[in-house]
Amino acid sequence: MIVLDRLTKHFGATTAVDQLSLTVPTGSICALVGPSGCGKSTTLRLINRLIEPDGGRVLIDGTDTAGLAPVTLRRRIGYVIQSIGLFPHWSIARNISTVPELLGWPEARIEARVDELLDLVGLDPAQYRERRPHELSGGQQQRVGVARALAADPDLLLMDEPFGALDPVTRDGLQAALIDIQARTGKTVVIVTHDIDEAIRLASLIAVLDKGRLIQQGAPRDLLSRPVTPFVEAFVGGPHRGLRLLQVTPVGERTDYGNVTSGEPIAAEATLDVALERMVAGSIDRLPVRDRAGRQGTLSLADVVAREVTGP
Amino acid sequence: MTLASDAALAPAVEASLARRKDAEARANPLLVLIVTGMVVALGSLGFVAVAPNRILSGKAVPLWSAVEPGSALLVGALVVALGVAALVRSGPWRDRMTAIVAAALLIACVAAAGHAGSLVAADSGPIARTSLGAAFWIVAAGSAFALADATGRLAPHPLAQAAIAAAVVSLLAALAFSGALSDLSLAREFANRQSVYGAEVVRHMALVGGALAGALPIGGVLGVVALRRPGWRKPLFGTLNLVQTIPSIAIFGLLIGPLSALAGAAPFLRTLGIGGIGAAPAVIALTLYGLLPIARGTFTGLASVPEPVIDAARGMGLDERQILWKVSIPLALPILVAALRVVVVQLTGLTVVAALIGAGGLGSFIFQGLGQTATDLILLGALSAIVLALIADLALRSLGAVLTSGRPS
Ligand SMILES: Nc1ncnc2c1ncn2[C@@H]1O[C@H](COP(=O)(O)OP(=O)(O)OP(=O)(O)O)[C@@H](O)[C@H]1O
Ligand SMILES: [Mg+2]
């Protein structure tokens, strides 16, 4: 668990982070969102002590990080830097093995880990292992940056716009990989993103920042259905708030289980946007539903659009 | 100006550009100038100067009367060939031809001078001296320049250039070892001093090495300090700049007082060879001169490392030492090696002056020569120092190229 307690950081006259308190439970993904310059990167860097706070504390699993050696702390925390920052004089393999080498892993284990991670981020090890960073595209470099952060299998991962330079397909793949890794290993992830859809897809907790202050935090659905200020409403929803709500609402919630329809059923755990997409694609207004327990029901178009209570 | 007249002008501008490009493609103006200079020099200036003995100044003798016609014709033919090379169409072929002809001309010119020396020795006995004349220097320097220019374009890689330079130098050395040059006054001076020559060269390099041993760590640390403490930059580089502006003789002189006082107060220092004159003040003064380029090179080099890379290194958990040695220094290496090159070349030159305060080295030949008005002894010292500096320069450039191979340019 990471606890940010009234964290404050000034740079001269600007207050980059202002009395920020936030709790990220162990094994969850927290997305920091907000306009450019609102203090997202600064917050991440306060967590791994690349920046020292002017006020407040950071607790990791109950321990105040101010009492830990910064170098040891950072080796335990995976960090994807916003500007990628690969080491230009090292091969891709050596870049990825930076932290395992610092931790003194045996060579064979490092080699195997490098290949595994290159596979994970979709780069063929045979082809990319020995290349230098300048021989990779921006998106490929960004993926190496993600692999480097994951290398020593840290419990805590700080990611600063890790998928910004990727095409939608690669980004989808890496987001899925991250969700999968996180589900398997129970990592705690703090991810900074400009992409609210990415935040909604990945995070169980979204924190909206503005001018260094925390404006609202909560599950994606809370933020979408009950934004506390017009700023949050505009930021998380904008013109697509209704559509995004569909992305975070499970089909099961709107299903009429007293009513059975024939056809290929949709899972009750799927979200409404998927259901709507199937209705549109099939020109139908009813879908059969089946939940994990095998219970059957029906989702109608009226149920999809009707019952949500929105607004503060 | 209106659009219409712009459009009207465009063809004219283009035509003139094309004409200029065409002319460039046809002739190498620099080479034309060099060859013209060679022709004028060979026609009007002495190729060697012949003197009845070592001290008297010589009489200029032009190439055609200094050597047998065959030698003179060979040099002349090669100058003409270089002139032809200057006029052919630009491209690798011209550069190859220029390089080969220039190298041949350089060697032929040196051989002709040696030949002239032998003829004089046979004619007027062993006391007569044959020095190198203005025409020799112009042809030798011109062909060396043409060679460097052409190889620079043909093989820009420092290793290739070093190899070419080594090949030409070893041909010249072979010529010298064969005895073909032994009757030149320069070679006689060398022969007279042969017993101490090697020792003075070693001493010269040792003085430079001693200064580097002081200047590299101190200058390096100062460079790191300048990087980490922006407030110190101005006073630091200001002071080091000031040191550079003090004439070397003045620094050598200024050190004599304190060092002799020190040696007087603590006599055991004298047993270590530390005193007001000799190697100690020379090394100290040379160290002071080396500080600025090294500190500035270190600072510039380290400051050139991209901020995100340092940031990532720190974020991964490298400590400050590891960041410096594993990331910053390797990435700054091209600039660091370049700074080292500048310092070594500069110190090799400055060390010549150190002979004035009894530190020895190649400068001692120069000052002895000045004292005896023996021009060729001065030349021996000066040429040796130049060759030493050039070798150091090429070696460090090659080292830089090897260390940074496979990097993005
Ligand atoms: N090292 C620094 N020195 C001075 N000011 C800084 C420094 N780092 C950040 N700031 C300022 O602090 C504020 C927050 O910066 P931060 O990098 O945290 O923003 P961000 O939310 O990550 O923005 P972006 O989305 O553009 O990356 C900005 O006003 C920025 O100019
Ligand atoms: Mg940022």
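The values are calculated or read from the model by the stated rules, or taken from the named source; none is laboratory data. Fair warning: this is a prediction, and the values are worked out from it, not measured in the lab. When we count neighbours, we look across all protein chains shown, and the Cβ atoms used for this are built from the backbone with ideal geometry, even at glycine. Protein only, heavy atoms only, side chains kept; ligands, DNA and RNA dropped before computing areas. Shrake-Rupley method; radii C 1.70, N 1.55, O 1.52, S 1.80 Å.
Observations on the structure shown:
- Within the range B:174-208: backbone nitrogen closer than 18 Å to the residue B:122 label point (7 Å, Cα to C-beta): B:178-185
- Solvent-free Debye calculation, one equal scatterer per alpha-carbon of chain A: log10 I(q)/I(0) at 0.10 Å⁻¹ equals -0.65.
- Residues in the range B:296-311 occluded by at least 20 Å² - accessible area, probe radius 1.4 Å, against chain by itself: B:308, B:309, B:311
- Fully extending the segment from residue A:228 to residue A:183 would add 13.2 nm, taking 0.36 nm per residue of separation and subtracting the current Cα-Cα distance.
- For the range A:155-167, backbone phi angles converted through the Karplus equation (6.51, -1.76, 1.60; θ = phi - 60°) give residue-by-residue couplings of 6, 10, 10, 10, 10, 9, 6, x, 10, x, 9, 9, 5 Hz, Gly and Pro being listed as x.
- Neighbour net charge for residue A:78 - beta-carbon separation under 11 angstrom, K R +1, D E -1: +3
- For residue A:216, the residues whose modelled amide H falls within less than 5 Å of its own, excluding neighbours fewer than 5 places apart on the same chain, are A:208.
- Label-point separation in nm, residue B:192 to residue B:33, each point 7 Å along Cα→Cβ: 3.8 nm
- Whole-percent carbon and sulfur share, accessible surface of chain B, 1.4 Å: 72 percent
- Computed FRET value (nearest 0.05) for residue B:157 with residue B:93, which takes r as the C-beta separation and R₀ as 30 Å: 0.90
- Between the range A:45-112 and the range A:201-252, the alpha-carbon center distance in angstrom: 30 Å
- Spatial extent of the protein assembly as shown: Rg and Dmax, with the Cα atoms as the point set, Å: 38.3, 129
- Rounded Å value of the spacing that divides the Cα centres of the range B:25-71 and the range B:89-104: 22 Å
- Mean Cα-pair separation over length for the range A:2-240, i.e. relative contact order, pairs under 8 Å, 6 or more apart, %: 28 percent
- Relative contact order of the range B:194-403, pairs being alpha-carbon contacts under 8 Å that are 6 or more residues apart, as %: 25 percent
- The residues of the range B:194-403 present an accessible area of 45 Å² per residue when probed at 1.4 Å with all protein chains retained.
- Förster-model FRET efficiency, 22 Å R0, residue A:264 and residue A:305, C-beta, rounded to 0.05: 0.50
- In the range A:249-304, the portion of solvent-accessible area held by carbon and sulfur atoms comes to 50 percent [1.4 Å probe, whole percent, DNA, RNA and ligands not counted].
- Dividing the summed -39500 (n - 2.57) terms of all DSSP H runs of n ≥ 4 by the residue count of chain B sets its mean residue ellipticity at 222 nm at -26500 deg cm²/dmol.
- Between 0 and 90 degrees, the angle of helix A:168-185 with respect to the longest Cα principal axis of chain A falls at about 80 degrees.
- Within chain B, the selection of entire DSSP H helices by a Cα span of 24 Å or greater along the long axis and an average Kyte-Doolittle value of at least 1.6 returns B:69-87, B:158-177, B:248-265, B:329-354, B:375-403.
- The angle separating the long axis of helix A:107-120 from the principal Cα axis of greatest extent in chain A is about 30 degrees.
- Normalised by the number of residues in the range B:204-288, the average gap of Cα pairs under 8 Å and 6 or more apart makes the relative contact order 37 percent.
- Looking at the range B:18-177, the accessible area is 50 square angstrom per residue; that uses a 1.4 Å probe and ignores ligands, DNA and RNA.
- Measuring between their Cα centroids, the range B:248-287 and the range B:116-137 lie 43 Å from each other.
- Surface burial for B against A, with a 1.4 Å probe and both sides summed, reaches about 1800 Å² of accessible area.
- Amide N of the range B:317-359 lying under 14 Å from the label point, which is placed 7 angstrom from the Cα of residue B:206 along Cα→Cβ: B:359
- FRET efficiency for the pair residue B:232 and residue A:1, taken as 1/(1 + (r/R0)^6) with r the Cβ-Cβ distance and R0 = 51 Å, rounds to 0.75.
- Fully extending the segment from residue B:53 to residue B:321, taken as 0.36 nm per residue of separation minus the present Cα-Cα distance, adds 90.1 nm.
- Interface residues, the range A:59-88 - accessible area loss of 50 Å² or more versus chain alone, probe 1.4 Å: A:74, A:87, A:88
- The label point for residue B:245 and the one for residue A:277, both projected 7 Å from the Cα toward the Cβ, are 7.2 nm apart.
- Take every DSSP beta bridge whose two residues both sit in the range A:249-304; close to 80 percent of them are antiparallel.
- Counting only DSSP H runs of at least 4 residues, each contributing -39500 (n - 2.57), and dividing by the residue count of chain A, the helix-based mean residue ellipticity at 222 nm comes to -10000 deg cm²/dmol.
- C-alpha long axis of helix A:138-150 to longest principal axis of chain A, angle in °: 80 degrees
- Across the range B:65-107, the residues whose backbone nitrogen lies under 15 Å from the label position 7 Å along the beta-carbon direction of residue B:383 are B:106-107.
- DSSP-defined beta bridges in chain A - what % are antiparallel, rounded to 5: 60 percent
- Counting DSSP beta bridges with both ends in the protein assembly as shown, the antiparallel % (nearest 5): 60 percent
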